[in-house]
Every structure is written in C-alpha cells, then in structure tokens.
Amino acid sequence: MSRDRLRALLRRTLRESGYLLASWPILMAAFVVVITLFSMGIGMVIIWIGVPLLIATVGAARAFAVAERGLQRHLLGQDPAPGSYRRRGPDESFVRHALGLFTHPQSWIDVGFSLFAWCVAVITWSLTIAWWSAAVGGITAPIWALFTDQRIRFWGIPTDFGPGDWLLEILAHLCIGLVALVTLPWVVHALATLQSSLFGAVLGARGLQEQVEHLQTSRTAARDAEAASLRKLERDLHDGPQQRLVRLQMDLGRALHQVDEDPAKARAAMESSLDQAHQTLEELRNLSRGIAPPILIDRGLVAALEELTTRSAIPVTFATNLPRDRRSEEIPARVQDGAFYVVSEALTNAAKHSGAAHAEVEVHFGEGILRVTVRDDGRGGAAYGGSASALAHPGGTGLLGLRDRLAGLDGSLDVYSPVGGPTVLTAILPCE
C-alpha cells in the first residue's frame, strides 16, 4: 500500500472512530432529556403545563437529530438525508406553529430516534472501544510489560504459561494486537457505515417520501405544461400562419386567373400575396422563439437572450456573468432552454399587460445554480392563476404554466408584484 493511500486510510479511520465515539454520549443525553421531558409533559398535560413541556420535547429531539446529521456531515463527509420539517408561515404566530408541530410526522420521527438510537450506538461504541483497546494494548504489550512487576495476563485470564514463559505471553498479546490493528480500519468503517445508514434512513424517511412526491408532482406538472404549450402552439398556428397561408393560396389562385385578362389586378394580388408571405414568416419566427431558436443552439444562451431583449417591444437592460460562448457543459441544455423560455414569456407578457416602460433581465450562474431575474416598472399585481402562461399582470393570464415548466426542471419560481409595481420574477434552475 502506498504512503498516500495509507494516510487516507488513517484519516478515514480516525474520522469514523470519532463519529462512533461521539455518537453514544450525545444519543445517551438525547434519551435522558427527551424521555424526561416527554414523561413530564404527558403527566401534566391535563393541567396545561405539559403542553409547553411537550413542545420542548419536540424541540430537543429536533436539536439532537440535527446534531447527528452534523456528525455525519463533518466527520464522515456525508450529505445526510434532510428531514421534512414544518416551516412557519409568514403570518403564522409562534403558538400556532408550535402546536402544529404535534401533527407533523417528522417531529415524532425525531422523538422516536432520540429514544431508541442509543441502543444501536452503545453497541457500535463498545465494539469500537474494544477494537481500539485490543490494537493499542496488544502492540504496546512489550513496552508496558517492562514497567510492571506482575505477570502479564492474557486479556485478564490466567494463562498456562510457566513463570519463565512471560515472553510467550507478550507475543500472544502482540499477535492479537497486530490482528486488531490490521482489521481496525475495516471494522470501524463497517460500524460507521451501518450506524450512519440506519440513522439516515430513519431521520430522512419523511424527507425521502416528500422528495418522491415532489418528483411525481414535478413530472406531472412538466407533462401538463408541455401539453399546454403544444395546445397553445397549435392554436397559434391555426389562428395565425395557417389562416394567412389559406389566404395566400387564394390570392395566388386569383392572380393566376387574372394574369392574362387583367395584369394590373394580377399584379396587385401578387403584391398582396407577397405581403402575406412576409407576415406569415414573421409569425413563424415569433412562434419559434418560444420553443428553441437556432441562435440558442448555435451561439449559446447569452447571444440568444441578447437578441431576445433587442427585439422586445419595450426597452430592456440585460446583464449576466456568463461568457459569450456556446452551450457550457456546466449548464445543461434543458436548463438553458428553460431560462430562455422564462425571459421570453416574462418580457412578452410584461409588454402586453403590465404597461411597463422599461424592463431589466439579469442572469447569474454560480455554485451550480442558474438564477434568472426579470423586473419591469409596470402596474404590478401579478399572481398565480389563469391558464398555462408566464408572468401575468392584471388583464393577463397566469404563472401556473411557467411554474409547472420550471418544476419539471426541479426549479422554482418566485414572484414579487405588489399593486402599483414593480414586478420582480426570479427563477432558480439547478444545473447539477
């Protein structure tokens, strides 16, 4: 084994040993504190003194659960499964929030963990102490044998060696110590893995269930948003380019019949047809911007957003920390498409419904997160509701479609839009 691998193995063993040795006293304290508060709270709940004691029980259990996650994060280098804790609402009082903790499953998961986790910890703690004692005591047997006048006992049990056979007893201690030292990293690793996995499964059970539910909801929302987008595209094609193409076909047919009899009318019909063709092409370009414009694929997100802001019906200021290059490997293609869609829909709806005179677009990438912010100085009043669309002002549609589309990318949408403005739309898109 190379020196670097040996150092890494030693560091891992020390960290995992620290985790195992620190868990038991913390969990023993958790058991004492939680069982005491819980018993007193249940006993005195009839005279209402027990209610704050039970609230303190839930709070203490949560603190010990957070401590366990901290040990796993800092000593094992793991990312423990997060708990699904109840969050306090913006207008919710402290008393109402505290009472709501009693009906939340994560609170009682933490309480149960604090009451029973020490049973597992005492086993892993004892085995860790025993293995370290065997390793350290065995390999140092020749040293401490020189400073004692008593015969060395074989792990406290008298041996059959004679008075002059003390060397054999030292060798027996040394062999067991070497075996314990060699196996120590794997034993400690197995114990730490078993304990952290078990505790993580218990503490993160509710969080994992909510993640599954969130993924199912996000997938459903993404499908609904995609279906709504397809229906909107189909409706726009039917109401716009399709009608113009029908008229173009009729004008060309009329011009074909008039080209010999009345060249002047034929020329006018062909000029009208040319105008219809230009308008149809422009409508198709506008529709394609909401899907994925070629410039986004060819030149990247920054160039596509710059073109989008220059074509906006209202003046737009654009700022970003992204380089002007093609699609970056750090930002997946789906995320860039989503960011373009956010800006496109927000500017379109702001121009149509907000009465804004100016808008700002800011795109910032850092720590694996793409943040898109769109501000306008319109009348405000944007809110969730309406059909699948993007930023909505009074007279517009809603935010549900955009929120659902971002949910399909594991993103989120935040809207600040007091009546009178301004409206600030912030989209968070994870890139990992």
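With respect to Ala30, determine if the residue is open to solvent by less than 70 Å² (accessible area, probe 1.4 Å) and within 18 Å of Phe102 (Cβ to Cβ). So Ala30 fails the test. Among the residues of the range 365-385, some residue qualifies, meaning at least one is of a type in the set (Ser, Thr, Tyr), under 16 Å from Asp414 (Cα atoms), out of contact with any His (no Cβ under 6 Å at 6 or more places or on another chain) and surrounded by fewer than 16 Cβ atoms within 10 Å (Cβ to Cβ).
Cβ-Cβ distances below 6 Å connect the following pairs, each with a first residue in the range 122-144 that is among the aromatic types (Phe, Trp, Tyr), a second residue that is part of a helix (DSSP H, G or I) and open to solvent by 20 Å² or more (accessible area, probe 1.4 Å), and a separation of six or more residues or different chains: Trp125/Trp24; Trp131/Val187.
Here's the yes/no breakdown for (1) assigned to a helix (DSSP H, G or I); (2) within 27 Å of Gln195 (Cα to Cα); (3) among the basic types (Lys, Arg); (4) modelled with pLDDT of 80 or more:
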position	(1), (2), (3), (4)
Phe102	yes, no, no, no
Asp110	yes, yes, no, yes
Val120	yes, yes, no, yes
Leu127	yes, yes, no, yes
Arg151	no, no, yes, no
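Against the test of being assigned to a helix (DSSP H, G or I), touching a Ser or Thr at 6+ places or on another chain (Cβ under 9 Å) and either at pLDDT 75 or above or surrounded by fewer than 13 Cβ atoms within 10 Å (Cβ to Cβ) (or both), the options Leu245, Leu281, Leu230, Leu274 yield a single qualifying residue, Leu245.
Taking the criterion of being open to solvent by less than 40 Å² (accessible area, probe 1.4 Å), at pLDDT below 75 and farther than 20 Å from Thr309 by Cα, would at least one residue in the range 411-421 satisfy it? Within the range 411-421, not a single residue is open to solvent by less than 40 Å² (accessible area, probe 1.4 Å), at pLDDT below 75 and farther than 20 Å from Thr309 by Cα.
The values are calculated or read from the model by the stated rules, or taken from the named source; none is laboratory data. Quantities reported herein were computed from a predicted structural model and do not represent experimental measurements. Every residue, glycine as well, gets a Cβ built from its backbone with ideal geometry; the counts of neighbours run over all protein chains shown. Quick note on the areas: whole protein, heavy atoms, side chains included, nothing else; ligands and nucleic acids left out. Shrake-Rupley method; radii C 1.70, N 1.55, O 1.52, S 1.80 Å.
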